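Undergrad: Provided herewith is a single structure, encoded as structure tokens, for subsequent inquiry.
The values are calculated or read from the model by the stated rules, or taken from the named source; none is laboratory data. Owing to the predicted nature of the structure, the values given are computational and were not obtained by experimental measurement. Cβ atoms come from the backbone with ideal geometry, glycine included; neighbour counts cover every protein chain shown. Quick note on the areas: whole protein, heavy atoms, side chains included, nothing else; ligands and nucleic acids left out. Shrake-Rupley method; radii C 1.70, N 1.55, O 1.52, S 1.80 Å.
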Protein chains: 2
Amino acid sequence: MAITIKDVAKRANVAPSTVSRVIANSPRISQRTKEKVREAMNELGYHPNFNARSLANQSTKTIGLVMPNSANKTFQNPFFPEVIRGISTKAHMLEYGLYLSTGQTEEEIFEEVQHMVQGRRVDGIILLYSRVNDKVISYLYEQNFPFTVIGRPYDARMSNITYVNNDNFKAAKTVTEYLLLLGHERIAFIGGNLDFVVTVDHMEGYERALKNAGIRLRDDYVVFHEEIQEGGQEAVIDLMSLKEPPTAMLVADDMMTFGVLRMLSEMDMKVPDDVSIVSFNNVMISELSAPPMTTVDINIYSLGYEAATCLIEKIMHPAVTPKKVLIPHKLIKRQSCQRQAKKLAPQ
Amino acid sequence: MAITIKDVAKRANVAPSTVSRVIANSPRISQRTKEKVREAMNELGYHPNFNARSLANQSTKTIGLVMPNSANKTFQNPFFPEVIRGISTKAHMLEYGLYLSTGQTEEEIFEEVQHMVQGRRVDGIILLYSRVNDKVISYLYEQNFPFTVIGRPYDARMSNITYVNNDNFKAAKTVTEYLLLLGHERIAFIGGNLDFVVTVDHMEGYERALKNAGIRLRDDYVVFHEEIQEGGQEAVIDLMSLKEPPTAMLVADDMMTFGVLRMLSEMDMKVPDDVSIVSFNNVMISELSAPPMTTVDINIYSLGYEAATCLIEKIMHPAVTPKKVLIPHKLIKRQSCQRQAKKLAPQ
DNA sequence: ATGAAAGCGCTAACAC
DNA sequence: GTGTTAGCGCTTTCAT
């Protein structure tokens, strides 16, 4: 077996507890002993055993990350590496480790979460998504286990949950207003999976803006798609086949926008000449589309960083009152939007 | 505290050791007692404590994932979610958990690896990249700790390391030959960071194909870039400013290709009419570029899946001889390549 | 087939 | 200031 605290203790002629105190840098240990012990540690190449520590401390210093089911393509969205980078930064600063869920289906993920919690494998959990009526959220909530949601819990009854979110309603509303100001009246909405709360918020923002402008909502201008990628393409076909095709579109996610642009170019429709597009997220490659897309930067990194901050705070002070953190968003204007000429009289 | 094995034991009127045997499903326990114990477990809602198990077992059932430094944009490459999905699948099947490195710099990552290893926080490690002269590899090698590399170790002295790789040399060679067959003679190479072994392999494959075809290697046709994204764009500027700009390009990574395409379109160069492009990886969005890119599918998911398979095998049978697994690649022809008209006499 | 008890490596309460 | 010792929750000999 590896070197233990006892080996160090012997080598330094002290008791194991003294070594333990040196590790914790307890002020009750004399400088001399500290040095002696540290020397012994170095000579022996000692490293504390993580599991033993966790067991004795009842604390693992690790955060569980729960992703949506990895089976579908959503997973390949660069959104995730970027949130994780944010979480990672904070975690590293405070010496927390990261533990990843591996489930492929909702059911598998739920079981994993139970294991993490009950098996005390992690000290807290960050949900990297927020789904409507999510079993995982209710479970964590009932167990009173420290957790943070990226996005917002849908169920109003669970008001006292800590979450980090963008104002997705407002973002969608503003963006719709922007298109209206550019003269567009036929604005379509291509949303993501309706199970995700963000989709609901986007849609409501879109509807509100149209209502405020006195523009009739048209069902055939609103589509949702499961798959972030193919979905965008199908939606375009449907929309462009309409008698009155839209002149502008809100697209739920930059990745989807790539699909939309691709399909439009296949149809020989020019962006932004024929159709204007605004989307959401602003991931790394968003500026590399042709044309570069106008999109809402939701500050993914901060979403992660703040989620980690809140969670760790919750872990250290479980009594602290739940927080709702709103991360600011920002419209990044690039070249996928254009002013729309005045509408002709309907045919 | 939570429910322990003792609580279950009391409830079922047996000894703790019996409960433990039931958990392990030991054949030496009578069916009757097993049922009795299982019932008690359910009634109490018992879940084994993970840390206690790990400590007693000297095994954590978790795999450490080491990513390249998350500071730069490389991290946002959809390559990573996809390898992780592969790893994840296998890990989940065999009930292994995933532990993520959080370091931002090479030094931080190295320290983390030391902690993972010495602190027995994981049973084995998968390196998600392979760098030339990597401290981490040498360390793991010296410690004789179970690990697997995705990519190939550069140092020939460490021949007996298990790794999972593509034949990147061959892929680059074939692809160059493909461009040659299309009539291109001025073929540029836009490589990634030269610290990564894959870059070296790509370059050698490219050079070999040109040599075989009797075409002179030109230094000014070969560029490397750190950053996957901006790099592609700068490279294009340099290459297109040459007196004899290339008519075709090999690009190291699909993400980079997005940058390349973007810059070319800004310069009003048409792909594939003016320049042909082939790149590597075939991530999800690769088919969504304009035009859809021709690229080498390296089967990222399998890379991950096999890496996990090898690692777990190594963990369970440490004496097993190291393996080298080659994952097949495949050229996906889309629309970024075109036959080149015969070259005019040089001006 | 089951129980008693030692031990995995560390921490922390209690002694002195 | 430092040592002694009893756990943390589980596994695993060794008895019976």
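Undergrad: Does the range A:249-297 classify as rounded, prolate or oblate by the C-alpha gyration tensor (a ≥ b ≥ c root eigenvalues; a/c under 1.5 gives rounded; else a/b over b/c gives prolate, otherwise oblate)?
TA: Details: a/c = 1.86, a/b = 1.68, b/c = 1.11.
Prolate shape, in that a/c is at least 1.5 and a/b is the bigger ratio.
Undergrad: Also: Let me have the 222 nm mean residue ellipticity of chain A computed from DSSP H runs of 4+ only, each contributing -39500 (n - 2.57), with the sum over all residues rounded to the nearest 500.
TA: Numbers: 12 runs with 146 residues, N = 347.
When only DSSP H runs of four or more count, the value is -13000 deg cm²/dmol.
Undergrad: Right, another one. What does the structure give for A:253-260 when I average, per residue, the other chain Cβ atoms found within 10 Å of the residue Cβ? Don't jump to the answer; show the numbers that get you there.
TA: Values: counts 0, 1, 4, 1, 1, 8, 3, 1.
Mean shielding by partner chains, rounded to a whole number: 2.
Undergrad: Would the protein assembly as shown count as rounded, prolate or oblate if I go by the C-alpha gyration tensor, calling it rounded below 1.5 in a/c and otherwise prolate when a/b exceeds b/c, oblate otherwise? Write down the numbers at each step before the final one.
TA: Working: a/c = 2.17, a/b = 1.34, b/c = 1.62.
Oblate, since a/c reaches 1.5 and b/c is not below a/b.
Undergrad: Remind me, what semi-axes does the range B:72-179 give for its equivalent ellipsoid, largest first in whole Å, using sqrt of 5 times each Cα gyration tensor eigenvalue?
TA: On the way: eigenvalues 125, 64, 45 Å².
Each semi-axis is the square root of five times an eigenvalue, giving 25, 18, 15 Å.
Undergrad: Using a 10 Å cut-off around each Cβ of peptide B:80-88, what is the average number of partner chain Cβ atoms that fall inside? Before the final figure, lay out each step's value.
TA: Details: counts 5, 12, 4, 0, 8, 8, 1, 2, 8.
Whole-number average of other-chain Cβ neighbours for B:80-88 is 5.
Undergrad: Working from Cα positions, state the angle (0 to 90°, nearest 10) between the long axis of helix A:197-212 and the longest principal axis of chain A.
TA: Here the helix axis deviates by roughly 30 degrees.
Undergrad: State log₁₀ I(q)/I(0) for the range A:168-298 at q = 0.09, 0.12, 0.16, 0.23 Å⁻¹ as given by the Debye formula over alpha-carbon point scatterers of equal weight, solvent excluded.
TA: Each listed q corresponds, in turn, to -0.21, -0.37, -0.70, -1.62.
Undergrad: Specify the longest stretch of chain A that does not include any exposed loop site, a site being one of the GluC sites (Glu not before Pro) with a non-H, G, I, E, B DSSP assignment and at most 15 other Cβ atoms within 10 Å. Display every interim value, and only then the final one.
TA: Working: sites that count: A:Glu95, A:Glu226.
Here the longest run is A:96-225.
Undergrad: Which whole-percent values make up P(r) of the range B:186-225 when all C-alpha to C-alpha distances are grouped in 10 Å steps starting at zero?
TA: Calculated over all Cα pairs of the range B:186-225, the distribution is 32, 55, 13 percent.
Undergrad: State, in square angstrom and to the nearest 100, the accessible area buried between chains B and A, both chains counted, probe radius 1.4 Å. Spell out each step's value before the answer.
TA: Details: alone 17990 and 18050 Å², together 30660 Å².
Looking at B and A, the buried total is near 5400 Å².
Undergrad: Remind me, relative contact order of chain B in percent, using alpha carbon pairs under 8 angstrom and six or more residues apart?
TA: Numbers: 613 pairs, mean separation 60.6, N = 347.
Across chain B, relative contact order equals 17 percent.
Undergrad: May I pose another question? Per 0.36 nm of contour for each residue apart, how much would the distance between B:Val325 and B:Arg339 grow if the chain were fully extended, relative to their Cα-Cα spacing?
TA: Working: separation 14, 0.36 × 14 = 5.04 nm, distance 3.50 nm.
Computed gain between B:Val325 and B:Arg339 is 1.5 nm.
Undergrad: Per residue of B:53-61, how many C-beta atoms from partner chains lie within 10 Å of its own C-beta, taken as a mean?
TA: Values: counts 3, 7, 8, 2, 1, 4, 1, 3, 0.
Mean shielding by partner chains, rounded to a whole number: 3.
Undergrad: Now for a different question. Could you name the aspartates and glutamates in cross-link range of B:Lys36, using Cα to Cα under 20 Å and dropping any fewer than eight places away on the same chain?
TA: Within the straight-line limit of under 20 Å, B:Lys36 reaches these aspartates and glutamates: B:Asp7.
Undergrad: Here is a follow-up. Say the cut-off is 20 Å between C-alpha atoms; which of A:Lys333/B:Lys73; B:Lys90/B:Lys324; A:Lys73/B:Lys324; A:Lys170/B:Lys73 go over it?
TA: On the way: A:Lys333/B:Lys73 22 Å; B:Lys90/B:Lys324 18 Å; A:Lys73/B:Lys324 29 Å; A:Lys170/B:Lys73 29 Å.
Distance filter (> 20 Å) returns A:Lys333/B:Lys73; A:Lys73/B:Lys324; A:Lys170/B:Lys73.
Undergrad: Let me ask something additional. Between A:Leu303, A:Leu331, A:Leu242, which gets the highest mean-square fluctuation from a Gaussian network model of chain A, Cα cutoff 10 Å?
TA: For chain A, modelled as a Gaussian network with Cα springs under 10 Å, the answer is A:Leu242.
Undergrad: Roughly how many Å is it from the Cα centre of the range A:210-286 to that of the range A:7-48, as a whole number?
TA: 64
Undergrad: Here's something else I'd like to know. Round to the nearest 10 and give me the degree value, 0 to 90, for the angle of helix A:230-240's Cα axis relative to the longest principal axis of chain A.
TA: Here the helix axis deviates by roughly 20 degrees.
Undergrad: Take chain A, connect every pair of alpha-carbon atoms lying under 10 Å apart with a spring to form a Gaussian network, then pick out the residue of A:Ala91, A:Ala156, A:Ala235 with the largest mean-square fluctuation.
TA: Judging by the Gaussian network model, the answer is A:Ala156.
Undergrad: Calculate what fraction, in whole %, of the accessible area of the range B:168-298 sits on carbon and sulfur atoms when a 1.4 Å probe is rolled over the protein chains.
TA: 48
Undergrad: May I pose another question? Write down the Å³ per residue value for the convex hull defined by the alpha carbon atoms of chain B. Don't jump to the answer; show the numbers that get you there.
TA: Working: hull volume 56.5 nm³, N = 347.
Measuring per residue, one finds 163 Å³ for the Cα hull of chain B.
Undergrad: Something else about it: For the Cα atoms of chain B, what angle does the longest principal axis make with the long axis of helix B:300-316, in degrees from 0 to 90, nearest 10?
TA: The answer is roughly 40 degrees.
Undergrad: Related question: For the range B:244-313, what is the accessible area per residue in Å², given a 1.4 Å probe and the full set of protein chains?
TA: Details: 1650 Å² over 70 residues.
Value for the range B:244-313: 24 Å² per residue.
Undergrad: Another question, if that's okay. Could you name the aspartates and glutamates whose alpha carbon sits less than 12 Å from that of B:Lys211, not counting residues in the same chain fewer than 8 places away?
TA: Cross-link targets: B:Glu177, B:Glu185.
Undergrad: Nearest 5 is fine: what % of DSSP beta bridges in chain B come out antiparallel, could you say? Walk me through the numbers on the way to the answer.
TA: Details: 4 of 36 bridges.
In chain B, approximately 10 percent of DSSP beta bridges are antiparallel ones.
Undergrad: Do you know which residues of the range B:268-295 lose at least 40 square angstrom of accessible area in the protein assembly compared with their chain on its own, with a 1.4 angstrom probe?
TA: Relative to the lone chain, where solvent access is computed with a 1.4 Å probe, the range B:268-295 loses at least 40 Å² at B:Met284, B:Ile285, B:Glu287, B:Leu288.
Undergrad: When a/c is below 1.5 the answer is rounded, else prolate if a/b is larger than b/c, else oblate, so apply that to the range B:21-63 with a ≥ b ≥ c taken from the square roots of the Cα gyration tensor eigenvalues. Don't skip to the end; give the middle numbers.
TA: Numbers: a/c = 3.43, a/b = 1.66, b/c = 2.07.
Oblate, since a/c reaches 1.5 and b/c is not below a/b.
Undergrad: Oh, and also: Rounded to the nearest 10 Å², what accessible area does B:Phe145 show when all protein chains are kept and the probe is 1.4 Å?
TA: Counting only protein heavy atoms, B:Phe145 exposes about 30 Å² to solvent.
Undergrad: While we're here: At A:Ile237, label 7 Å along Cα→Cβ: distances to the other copies, nm, ascending?
TA: 4.1
Undergrad: What residues does the range B:113-133 have that are buried by at least 30 Å² of accessible area in the full protein assembly compared to the chain on its own, 1.4 angstrom probe?
TA: B:Gln118, B:Gly119, B:Arg120, B:Arg121
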